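Worksheet: the structure to be examined is printed underneath.
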Amino acid sequence: MGLIGGFCHLYIGQEAVVVGLEAATEEGDKRVTSYRDHGHMLACGMDPNGVMAELTGRAGGYSKGKGGSMHMFSKEKHFYGGHGIVGAQVPIGAGLAFADKYKENGRVTFTYFGDGAANQGQVYETFNMAALWDLPVVFVIENNQYAMGTAQQRSTSTPDLYTRGAAFGIPGEVVDGMDVLAVKAAGETAVGHCRAGNGPYILEIKTYRYRGHSMSDPAKYRTREEVQKMREERDPIEQVRALLLNGKHASEEDLKSIDKDIKQVVNAAADFSRESPEPDLAELWTDIYAEVV
Amino acid sequence: MATEILMPALSPTMEEGTLAKWLVSEGDTVASGDIIAEIETDKATMEFEAVDDGTIGKLLVAAGTASVSVNTPIALLLEDGESAEDIEVKTAPATATTAPKATPDQTTKEAATTPPAPQGGQPQVAPQPDWPEGTEVKQQTVREALRDAMAEEMRADGDVYLMGEEVGEYQGAYKISQGLLDEFGPKRVIDTPITEHGFTGIAVGAAFGGLKPIVEFMTFNFAMQAMDQIVNSAAKTLYMSGGQMGAPMVFRGPNGAAARVGAQHSQDFAAWFAHIPGLKVAIPYSASDAKGLLKSAIRDPNPVIFLENEILYGKSFDVPVMQDFTIPFGKARIWRAGSDVTIVSFGIGMTYALEAAEKLAEDGINAEVIDLRCLRPLDTATVIASVQKTNRCVTVEEGFPVGAIGNHISAVLMQEAFDYLDAPVINCTGKDVPMPYAANLERHALVTTDKVIAAVKKVTYR
């Protein structure tokens with residue numbers, strides 16, 4: 001206990017969103033998200049050891065232990081953070097798409113944000129410019145129904161977030177975020193739209209987070225029954241499991257073997273993150289400025 | 001009674017302009033709203049409309065006359081029943097270059113349109129030249145120097161682009177980007193909507209994505225809307241990513257008080273930005289520094305805050321004619337060598353510092369004047385070495401007094417040069433009040449040459 005410091009925002013329950021959308025990407029496509037970012041990192045292929053060691057603030061972490069849970073990046077995997085200010089990643093994502101359009105390289109950026117961030121002003125400033133300049137960006141609203149402790153109906157004047165781009169001429173659709181194939185299909189539509197030069201696209205993906213907003217959230221704003229019902233009836237991983245077994249794509253043994261492999265990966269990451277040394281004190285003073293060449 | 005038509009002020013900081021063209025002749029009847037002349041300022045050519053109905057009795061300033069001061073009578077408008085002969089005897093024609101100070105009314109008007117900056121001449125050049133001896137120099141305004149710096153860097157690097165409000169088709173709200181759209185096209189000179197938070201975030205993302213954006217804020221007052229993206233996204237990402245990615249970009253635009261534009265449009269943010277690790281902060285005074293530092297800023301792999309000043313835009317200085325002239329960050333310039341006191345300033349503050357030094361010299365006080373040019377990194381070594389020689393220091397800046405750059409310089413001197421100080425360091429700053437609109441109050445709120453002189457006299461015990 002106590003190995004992971006500060007905030008840590010868990011993604012459990014929302015897995016189908018990133019897994020489905022990553023299945024719709026091509027090499028070189030970019031992604032950027034908020035602080036609820038570990039799922040995105042793993043789904044885009046970042047090394048679990050580096051992610052876990054960053055969570056524990058160790059030298060072997062993606063940011064040498066200087067970023068923490070909310071701030072990890074991987075240029076190699078085109079993962080642009082890990083941003084801690086709600087909504088700030090939205091113009092940044094459009095900016096990544098701006099750079100790709102400028103370079104005419106055919107890449108698309110997935111910009112993830114939550115139903116809470118969907119009420120930030122800079123989101124709409126960004127929608128306007130993204131549409132005005134036809135930027136190749138998919139705005140992914142991960143609607144997990146709670147902005148920290150505020151249920152969507154208490155924070156949002158209209159329920160349908162996918163229509164929020166209508167004023168700017170940005171098409172949007174709502175997607176069942178507990179169904180990974182539905183997410184993948186919607187992702188393919190969106191990315192195709194962007195790659196064809198038609199400008200941005202909005203996906204409102206209805207999902208659910210099983211745990212509190214962060215580790216320090218007792219989640220008193222919803223009932224245990226509500227969470228339990230979602231886990232039992234809608235769990236995205238259980239749905240995939242049923243799909244694989246019913247369609248005879250895999251046997252129970254296959255799935256057990258996958259589970260076992262994943263446990264090994266997790267345990268190895270935990271070991272790595274414990275064994276990785278704390279950053280050298282000299283690291284306090286590095287990476288503040290890039291060297292002038 | 002004939003009415004004098006006066007040379008108009010077409011912006012809050014305009015002092016003079018060229019009467020490019022008359023569109024009326026003597027004897028013509030004009031109605032209110034008719035265009036009667038074209039006036040050229042260093043920013044733009046503007047059409048000048050008649051305010052009253054009447055007949056043009058006399059044109060007092062010929063078309064093509066340059067440097068006509070604001071409020072100089074340029075024509076006489078006759079009312080019904082008057083004739084040109086009537087007034088010719090009454091009015092001595094005003095000359096184009098001297099503004100009349102005859103009536104109290106005119107004096108008041110002039111004060112209202114003249115910026116508070118003193119009109120000092122080109123100061124004595126530094127003992128440390130920024131360019132090799134014998135290099136050809138030309139006179140250029142700060143405005144032209146900034147434009148040339150951007151144009152040169154955009155020619156050299158296709159990843160450099162400019163975005164901001166009115167930078168393209170309008171040619172820049174302050175005409176800094178004049179001609180850039182024509183040369184580089186709309187892909188690289190991008191007019192944004194009025195949406196500072198959004199376009200700053202987009203530029204930060206573009207920088208993460210490998211471009212080198214120059215973001216123009218129409219003024220830095222509007223950058224407050226974008227502060228989160230500047231501080232939390234641009235400045236910190238290199239550190240938070242363990243060195244993997246950062247934001248190679250420039251945020252530039254006019255900073256500080258212009259003239260008579262009130263509290264929300266008159267503030268010096270130098271100390272705010274200088275507070276943030278991860279940002280670099282340049283604040284040039286002269287045109288050569290504007291050019292050399294802006295070129296360095298665009299090439300720098302870090303986010304650079306580049307603080308310009310509207311009142312300085314039209315001032316001319318020597319700029320070296322060189323293939324590739326840059327000034328490295330973190331190197332102060334000694335404008336004037338002296339032995340009795342060190343005056344440390346930057347940006348528009350240099351105007352007061354240099355003028356004070358000239359006047360103090362007449363009283364036998366020999367001031368060394370240091371232009372910091374950059375606030376991050378800050379060249380404290382040059383300041384300390386100077387104070388070790390002069391034993392006294394006065395700092396000059398336009399910003400608020402609490403948490404001022406001068407406070408920081410004072411603390412550094414106390415820690416690094418305590419035994420050399422013969423008097424407490426005095427920080428001359430703007431007053432601790434929101435900028436008032438009234439001309440007299442505004443003058444009182446700003447730092448002035450007289451306040452610098454008084455501070456120097458205090459630390460030199462005169």
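Between a residue in the stretch A:191-206 that is basic (K, R) and any residue that is part of a loop (DSSP other than H, G, I, E, B), which pairs come within a Cβ distance under 8 Å, given they are 6 or more apart or on different chains?
That search, which allows pairs on different chains as well, returns A:R195/A:G106; A:R195/A:V108; A:R195/A:P136; A:K206/A:Q145; A:K206/A:G177; A:K206/A:M178.
Would you tally the residues in the stretch B:10-43 being open to solvent by 20 Å² or more (accessible area, probe 1.4 Å) and within 18 Å of B:A62 (Cα to Cα)?
The qualifying residues number 14.
Can you confirm whether B:A226 is over 20 Å from the mean Cα position of the chain (by Cα) and within 14 Å of chain A (Cβ to nearest Cβ)?
Here the answer is yes, as B:A226 does meet what is asked.
For residues in the stretch B:32-52 being touching a Ser or Thr at 6+ places or on another chain (Cβ under 9 Å) and part of a loop (DSSP other than H, G, I, E, B), which is nearest to B:G314 (Cα to Cα)?
B:D42
For the stretch B:53-70, which positions are closer than 19 Å to B:T41 by Cα, assigned to a loop (DSSP other than H, G, I, E, B) and either modelled with pLDDT under 90 or of a type in the set (V, I, T) (or both)?
Result: B:V61, B:V70.
Any idea which residue in the stretch A:250-283 is least open to solvent (accessible area, probe 1.4 Å), counting only those that are of a type outside the set (D, E) and within 14 Å of another protein chain (Cβ to nearest Cβ)?
Once the filter is applied, the top-ranked residue is A:S276.
Enumerate the pairs (first residue in the stretch A:142-165 and closer than 22 Å to A:E226 by Cα; second residue anywhere and surrounded by 17 or more Cβ atoms within 10 Å (Cβ to Cβ) and among the aromatic types (F, W, Y)) with beta-carbon separation below 8 Å, excluding pairs fewer than 6 apart on the same chain, so at least 6 apart or on different chains.
So the pair list comes out as A:E142/A:Y112; A:E142/A:F113; A:N144/A:Y208; A:Q145/A:Y208; A:Q152/A:Y146.
For the stretch A:80-102, give me the residue count where each residue is under 17 Å from B:R188 (Cα atoms) and more than 7 Å from chain B (Cβ to nearest Cβ).
Narrowing the stretch A:80-102 to residues under 17 Å from B:R188 (Cα atoms): A:94-102.
From what's left, more than 7 Å from chain B (Cβ to nearest Cβ): A:97, A:101.
Here the count works out to 2.
Out of everything in the stretch B:154-196 that is touching a Gly at 6+ places or on another chain (Cβ under 7 Å) and not in a loop (DSSP other than H, G, I, E, B), what residue ends up being farthest from the other protein chains (Cβ to nearest Cβ)?
By that ranking, first place goes to B:L181.
For the stretch B:369-384, state whether one or more residues are hydroxyl-bearing (S, T, Y) and farther than 20 Å from B:P284 by Cα. Walk me through how you get there before you give the answer.
Step one: list which residues in the stretch B:369-384 are hydroxyl-bearing (S, T, Y), which gives B:380, B:382.
Then keep just the ones that are farther than 20 Å from B:P284 by Cα; that gives none.
There is no residue in the stretch B:369-384 that is hydroxyl-bearing (S, T, Y) and farther than 20 Å from B:P284 by Cα.
Anything in the stretch A:42-53 that is out of contact with any Pro (no Cβ under 7 Å at 6 or more places or on another chain), at negative phi and without any contact (Cβ under 8 Å) to a residue 40 or more places away in the chain? List them, or say none.
Matches in the stretch A:42-53: A:A43, A:C44, A:M46, A:D47, A:G50.
Does at least one position in the stretch B:187-206 carry a residue that is charged (D, E, K, R), closer than 26 Å to B:D289 by Cα and open to solvent by less than 30 Å² (accessible area, probe 1.4 Å)?
So the first thing to find is which residues in the stretch B:187-206 are charged (D, E, K, R), and the list is B:187-188, B:191, B:196.
Still in the running and closer than 26 Å to B:D289 by Cα: B:188.
Then drop every residue that is not open to solvent by less than 30 Å² (accessible area, probe 1.4 Å), which leaves none.
No, every residue in the stretch B:187-206 fails to be charged (D, E, K, R), closer than 26 Å to B:D289 by Cα and open to solvent by less than 30 Å² (accessible area, probe 1.4 Å).
With respect to A:A242, determine if the residue is within 29 Å of A:M70 (Cβ to Cβ) and either of a type in the set (A, V, I, L, M) or more than 14 Å from chain B (Cβ to nearest Cβ) (or both).
no
Name the single residue, out of those in the stretch B:129-149 being among the charged types (D, E, K, R) and over 12 Å from the mean Cα position of the chain (by Cα), that is modelled with the lowest pLDDT.
Among residues in the stretch B:129-149 that are among the charged types (D, E, K, R) and over 12 Å from the mean Cα position of the chain (by Cα), the one modelled with the lowest pLDDT is B:E133.
Are there any pairs with C-beta distances below 7 angstrom linking a residue in the stretch B:404-417 that is free of Cβ contacts under 8 Å to residues at least 60 places away in the same chain to a residue that is of a type outside the set (S, T, N, Q) and outside any helix (DSSP H, G or I), with the two at least 6 apart or on different chains, and if so which?
Cβ pairs passing all conditions: B:S410/B:V425; B:L413/B:C393; B:L413/B:L421; B:L413/B:V425.
Would it be correct to say that B:A361 is touching a residue at least 40 places away in the same chain (Cβ under 8 Å) and either part of a helix (DSSP H, G or I) or open to solvent by 10 Å² or more (accessible area, probe 1.4 Å) (or both)?
Spelling it out, it is not the case that B:A361 is touching a residue at least 40 places away in the same chain (Cβ under 8 Å) and either part of a helix (DSSP H, G or I) or open to solvent by 10 Å² or more (accessible area, probe 1.4 Å) (or both).
Just for the stretch A:49-80: of the residues that are assigned to a loop (DSSP other than H, G, I, E, B) and of a type in the set (F, W, Y), which one is farthest from A:E275 (Cα to Cα)?
A:F73
Only one of these conditions is not met by B:T141: (1) surrounded by fewer than 20 Cβ atoms within 10 Å (Cβ to Cβ); (2) β-branched (V, I, T); (3) out of contact with any Ser or Thr (no Cβ under 6 Å at 6 or more places or on another chain). Which number is it?
B:T141 satisfies every listed condition except (3).
Does any residue of the stretch B:334-349 turn out to be within 14 Å of chain A (Cβ to nearest Cβ) and open to solvent by 10 Å² or more (accessible area, probe 1.4 Å)?
no
Of all residues in the stretch A:42-66, which are within 8 Å of chain B (Cβ to nearest Cβ) and open to solvent by less than 20 Å² (accessible area, probe 1.4 Å)?
Answer for the stretch A:42-66, where residues must be within 8 Å of chain B (Cβ to nearest Cβ) and open to solvent by less than 20 Å² (accessible area, probe 1.4 Å): A:G61, A:S63.
Among (1) over 30 Å from B:K175 (Cα atoms); (2) surrounded by fewer than 18 Cβ atoms within 10 Å (Cβ to Cβ), there is one condition B:V51 misses while meeting the rest; what is its number?
(1)
Looking at A:M70 and the list (1) more than 8 Å from chain B (Cβ to nearest Cβ); (2) open to solvent by less than 10 Å² (accessible area, probe 1.4 Å); (3) within 24 Å of B:A226 (Cβ to Cβ), which single condition is not satisfied?
Here A:M70 clears every test but (2).
A:T286 passes all but one of (1) of a type outside the set (K, R); (2) open to solvent by less than 70 Å² (accessible area, probe 1.4 Å); (3) farther than 30 Å from A:A167 by Cα; (4) away from chain B (no Cβ under 14 Å); which number fails?
It is condition (4) that A:T286 fails.
The values are calculated or read from the model by the stated rules, or taken from the named source; none is laboratory data. As the structure is a prediction and not an experimental result, all values here were calculated from the model. Counting neighbours? That spans all protein chains shown, and the Cβs are built from the backbone with ideal geometry, glycine included. SASA here: full protein model, heavy atoms, side chains in, ligands and nucleic acids out. Shrake-Rupley method; radii C 1.70, N 1.55, O 1.52, S 1.80 Å.
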